Amino acid sequence: QTEPKWWKEAIVYRFQDSNHDGWVRYQRYVSKLSTLKELGANAIWICPFYDSPQEDMGYDISDYEKVWPRYGTNEDIFNLIDRAHGLGIKSIVDLVINHCSSEHAWFKEARSSLDNPKRDWFIWKAPKGFDSNGKPIPPNTWRSFFGGSAWRYDEHTGQFYLRLFAKGQPDFNWENEVTRNAIYESAVGFWLDHGVDGFRIDTAGLYSKQPGFPDVPIINPGLDFQHPDPAILNGPRIHEFHKEMNKFMRERVKDGRELLTVGEIPCGTHDVCKAYTSAKDQEITQLFEFEHVSVGRKPGNVGVVNFKLSEFKDGIAARFQFIDKTDSWSTVYIENHDQPRSVTRFGDDSPEYREISAKLLALLETSLTGTLYVYQGQELGMINFRDWPIEKYEDVEVKGMYKWMVDQFGADSDQVKDYVNGLQLISRDHARTPFPWTSEAPYAGFTDGKEPWFPLTETFQEGINAEDELKDPKSVFNFWKTAIEVRKTHKDVLNYGYDFTFVDHANKKLFAFTKKFGEKVLYVVLNFSKEEIEFSFLEGYNSYDYIFGNYPEAEIDLDLTSLQPWEGRFYYA
Ligand code: TEU
């Protein structure tokens, strides 16, 4: 855990940009790298830029070796990687290999006939039978993450193919070695040859399906298909596959550069997390776990429920406690393109408390052990959009889930109402609105006139934009910048600390813990409420050194153990 590596200390930023046609352009992205430098980021995670029909925001790839023409050319991405290197910034790219697009040449071939040599590169099954209307019945009860059956019937050959996500995202058959090697060569090798420093491995726990494709337990009574995780997540050969792919990567890199690989895996138990990330086993360097971002979600992601601060605390701790004194490593994140805005979800997005609660979340993030990821707009304290009608949502997940639930329960049912209400809080679209560069109407500098592909979050005119925040020394952006500096200065205990221990775990407003590194003991106190609350100094420690907090030092009495609304502090005990 404590062995230093660049990929452990990286501050990874993820963002997109556009030009006048309303779409993201990687040429212009280059000119924004200096803003990232200013924030303190030293790595970027570039979202999927590959050729794609864009059914799922580019996570449906039709050619791994070609950039989607609307985003630019291959040369634009090679140039971005080079320019970033020139500034000391590493580049991580998305590796989406549980599935490809149904428009990929491999799938088109596979689909063409039952005896095509590539048929077995994907997962095909005969119908279980036919219903009274002659409709084919899917082979089992697995549901798609995006609603409905996980199987899509293909008239041409009379079989179903598996697609855990959108209709146009057929799952690869990882059991086939020839397929695996083709994936490694095209999706991994090509980009390693062009200098990338690592991969964010999409759905990295789903490649090995349970043999026999068994039905799954019912977790959502009343729905015709059920969440497939028990039959697809962390399956029997998953570690073997990751070891094999990691070996391919190591052999392919010729200049000795060390790669950051981050697997997106809701692994569940600490043992499973360790199995993926142990340095000795050489599978993946770190994981995006889901414990903390799953609190308050109903099973199957069909709506939201209230949650306690203690559940959030446990989620946060679970993400990295498993690495304590092991040879594993972890990540720190609270937002990404699949998560809503953290200020709305875990802070307070009212005008009165938005900034201070965004800064409190920045304190939490910069205090935790692991590689830190900041998602575009998080550094501005962006919040969810509000009161959008269901028709305005873009996300394939929302569209699929909504249609499915309406089919099952009816548009006026409580289940559908709950689902739609929940979207205000958790839809992925909140984090996908165009980036607000300025306060300028109508498109915040994202485009120079043409309507962008997706509406903006309206708050860009209320000060939540890059230009205004960069200028304002008290902005959320400038707080993040300082917090990142503090994280780097005290990187031993902040970035690498161990022995994470909660203080007063049951407290409903205070989130407090200690962490150690050598002789150093860090004490973090965070007020997750708009009330003034008390905290206690730890027994057995006589003196405290204040390190950092989100209220200006001149405004607080450091000898008092009370915290203002959404106030947080770091101390050395
Ligand atoms: O996400 C996988 C995943 O687990 C999510 O679909 C998650 O279940 C969902 O977002 C909960 O709201 C990855 C990508 O991050 C996502 O953007 C893609 O849609 C998905 O894979 C398919 O490639």
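Read-outs: derived from the displayed coordinates by stated rules, not from any lab. Because the structure is predicted, anything quoted here is derived from the model rather than measured. Every residue, glycine among them, receives a Cβ derived from its backbone with ideal geometry; neighbour counts consider all protein chains shown.
Using a/c under 1.5 as the rounded threshold, could you call the range 119-159 rounded, prolate or oblate? The axes a ≥ b ≥ c are square roots of the C-alpha gyration tensor eigenvalues, and prolate needs a/b larger than b/c, oblate otherwise.
Oblate, since a/c reaches 1.5 and b/c is not below a/b.
State, to one decimal in nm, how far the label point of residue 181 lies from the label point of residue 27, with both points 7 Å from Cα in the Cβ direction.
Taking the two extended label points, one gets 4.0 nm.
May I ask which of 243/280; 108/128; 313/359; 32/254 have a Cα-Cα span longer than 22 Å here?
108/128; 32/254
Can you give the net charge of the other residues whose Cβ lies under 11 Å from the Cβ of residue 515, counting K and R as +1 and D and E as -1?
Value of the local net charge: -1.
Just order 1-11, 288-298 by mean Cβ neighbour count inside 10 Å, highest at the front, would you?
Most protected by this proxy first, the peptides run 288-298, 1-11.
Given 525, 101, 79, which one lies farthest toward the positive end of the charge dipole of the chain, if we put +1 on the Cβ of every Lys and Arg and -1 on the Cβ of every Asp and Glu?
101
How compact and how long is the range 163-244, expressed as Rg and Dmax of its alpha-carbon atoms in Å?
Using the Cα atoms of the range 163-244, the pair Rg, Dmax is 15.2, 50 Å.
Karplus couplings for the range 44-49 from phi (6.51 cos²θ - 1.76 cosθ + 1.60, θ = phi - 60°), rounded to Hz, Gly and Pro as x?
10, 10, 8, 5, x, 10
Just rank 131, 429, fewest to most, by other beta-carbon atoms within 10 angstrom.
131, 429
If you take the square roots of the eigenvalues of the alpha-carbon gyration tensor of the range 437-512 and sort them as a ≥ b ≥ c, do you get rounded (a/c under 1.5), prolate (a/b over b/c) or oblate?
Cα axes put the range 437-512 in the prolate bin.
For residue 156 and residue 553, compute 0.36 nm times the residue count separating them, minus their Cα-Cα distance, and round to one decimal in nm.
136.0 nm
Run the numbers for residue 573 and residue 254: contour at 0.36 nm per residue of separation, minus the present Cα-Cα distance, in nm.
110.2 nm
Run the numbers for residue 116 and residue 79: contour at 0.36 nm per residue of separation, minus the present Cα-Cα distance, in nm.
So the extension gain works out to 9.5 nm.
Between residue 489 and residue 403, what FRET efficiency follows from the Cβ-Cβ distance if R0 is 56 Å, with the result rounded to 0.05?
0.65
Provide the FRET efficiency to the nearest 0.05 for the residue 125-residue 448 pair, computing r from the beta carbons and using R0 = 51 Å.
0.55
Report, in deg cm²/dmol and to the nearest 500, the calculated mean residue ellipticity at 222 nm for the chain, where each DSSP H run with n ≥ 4 adds -39500 (n - 2.57) and the sum is divided by the residue count.
-8000 deg cm²/dmol
What's the magnitude of the charge dipole for the range 393-502 around its Cα centre, counting Lys and Arg as +1 and Asp and Glu as -1 at the beta-carbon? Answer in Debye, nearest 20.
Value, rounded to 20: 400 debye.
Among 246, 275, 290, whose Cα projects farthest towards the positive end of the dipole of the range 213-305, with charges put on the beta-carbon of Lys, Arg (+1) and Asp, Glu (-1)?
With unit charges placed on the Cβ atoms, the residue in question is 246.
Nearest 10 degrees is fine. How inclined is helix 354-367 to the longest principal axis of the chain, computing both from alpha carbons?
Rounded to the nearest ten degrees, it is 80.
Among 464, 206, 50, flag the residue with its Cα farthest along the positive direction of the charge dipole of the chain, charges on Cβ as +1 for Lys/Arg and -1 for Asp/Glu.
About the Cα centre, the residue reaching furthest to the positive side is 206.
With a ≥ b ≥ c taken as the square roots of the eigenvalues of the C-alpha gyration tensor of the range 68-206, please select rounded if a/c is under 1.5 and otherwise prolate if a/b is larger than b/c or oblate if it is not?
Here the range 68-206 falls in the prolate category.
Would you grab the residues whose amide H sits under 5 Å from the one on residue 100? Only those 5+ places off in sequence or on another chain, please, with H modelled 1.01 Å from N.
Residues meeting the amide H criterion: 172.
If you take every residue apart from residue 471 with its C-beta less than 14 Å away from the C-beta of residue 471, what net charge results, scoring Lys and Arg +1 and Asp and Glu -1?
-3
Quick check for me: using +1 on Lys/Arg Cβ and -1 on Asp/Glu Cβ, what's the dipole size of the range 459-573 about its Cα centre, in debye to the nearest 20?
The dipole magnitude comes to about 500 debye.
Pull up all non-local amide H partners of residue 137: gap of 5 or more, or a different chain, and H-to-H distance under 5 Å with H placed in the peptide plane.
Result for residue 137 returns 128, 129, 130, 131.
So for each of 195-208, 229-242 I average, over its residues, the number of other beta carbons within 10 Å; can you give me the resulting order with the highest mean first?
195-208, 229-242
Find out how many positive minus negative residues lie around residue 304, taking Lys and Arg as positive, Asp and Glu as negative, among other residues whose Cβ is under 11 Å from that of residue 304.
So the environment of residue 304 carries a net charge of +2.
Determine the percent antiparallel among the DSSP beta bridges restricted to the chain, to the nearest 5.
60 percent
Can you run phi through the Karplus equation (6.51, -1.76, 1.60; θ = phi - 60°) for the range 52-69 and list ³J(HN,Hα) in whole Hz, with x for Gly and Pro?
6, x, 6, 6, 9, 6, x, 7, 10, 9, 9, 7, 6, 9, 9, 7, 4, x
Order these by the 10 Å Cβ neighbour count, fewest first: 562, 475.
Least to most surrounded, the residues fall as 562, 475.
Quick one: Karplus J couplings for the range 325-331, per residue in order, coefficients 6.51, -1.76, 1.60, θ = phi - 60°, nearest Hz, x for Gly and Pro?
Per-residue couplings from phi come out as 6, 10, 9, 9, 9, 9, 10 Hz.
Using a simple spin-label model with points 7 Å from Cα along the Cα→Cβ vector, what separation in nm is obtained for residue 240 and residue 137?
Result: 3.3 nm between the two label points.
Please arrange 216, 476, 30 by counting, for each residue, the other beta carbons lying within 10 Å of its beta carbon, fewest first.
30, 216, 476
Provide, in order from the shortest bin, the percent of all Cα-Cα pairs of the chain in each 20 Å bin, continuing until the bin that contains the maximum pair distance.
With a bin width of 20 Å, the distribution comes to 20, 55, 23, 1.
Placing unit charges on C-beta atoms (Lys and Arg positive, Asp and Glu negative, everything else neutral), compute the dipole magnitude of the chain about its Cα centre in debye, rounded to 20.
Magnitude of the dipole: close to 980 debye.
Please list, in chain and number order, the residues 5+ apart from residue 297 or on another chain whose amide H is under 5 Å from its amide H, with Hs placed from the backbone.
Under 5 Å from the amide H of residue 297 lie the amide H atoms of 305, each far enough along the sequence or on another chain.
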